[in-house]
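Let me begin by presenting the structure, written as structure tokens, before commenting on it.
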Amino acid sequence: MMASLTEEAETIGWYEQRLAVEPNAQARAIMANAQGEEFKHFGMDLEFLVHQKPKWRVALQDILFKEGDIVAHGEV
Ligand SMILES: [Fe+2]
């Protein structure tokens, strides 16, 4: 599942790069839709790992979905 998480992140990045240079609005809409699916896959993979790996939950619970300084949250 960690490999899947990495692959989903890579795919999100590939769509990000293509969206940055694609001039055709319809092509951009299709790719943005596809990228949205990859965000869901990434989130499901991450959530699975957080459920399965207590260290992941401990490390991430003070960082994710918090307002403010991300680095400061990581040092709690
Ligand atoms: Fe995916």
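Quick note: the coordinates plus some simple rules give every number you see, no bench work behind them. Note that the coordinates shown come from a computational prediction; the quantities given were computed from them, not determined experimentally. Cβ coordinates were reconstructed from backbone atoms using ideal geometry, including for glycine residues, and neighbour counts include every protein chain displayed.
Loop-resident chymotrypsin sites (Phe, Trp or Tyr not before Pro) (DSSP state other than H, G, I, E or B) in the range 17-76 with no more than 11 further Cβ atoms inside 10 Å of their Cβ: F65.
Its relative contact order, with pairs defined as Cα atoms under 8 Å and 6+ residues apart, puts the chain at 31 percent. Applying the criteria of a DSSP loop state and at most 13 other Cβ atoms within 10 Å to the GluC sites (Glu not before Pro) of the range 37-76 yields E67, E75. Here the 3J(HN,Hα) profile of the range 51-67, calculated from phi with Karplus coefficients 6.51, -1.76 and 1.60 at θ = phi - 60°, is 5, 8, 10, x, 4, 5, 4, 4, 5, 9, 5, 8, 10, 6, 6, 10, 7 Hz, Gly and Pro shown as x.
Checking every one of the trypsin sites (Lys or Arg not before Pro) in the chain against DSSP loop status and a limit of 16 other Cβ atoms within 10 Å picks out K66. Ranked from largest, the principal axis spans of the Cα set of the chain equal 44, 29, 14 Å. Rounded to whole numbers, the Karplus 3J(HN,Hα) couplings from phi for the range 11-27 are 5, 4, x, 5, 4, 4, 5, 5, 5, 5, 10, 7, x, 7, 4, 5, 4 Hz, using 6.51 cos²θ - 1.76 cosθ + 1.60 with θ = phi - 60°, and x at Gly and Pro.
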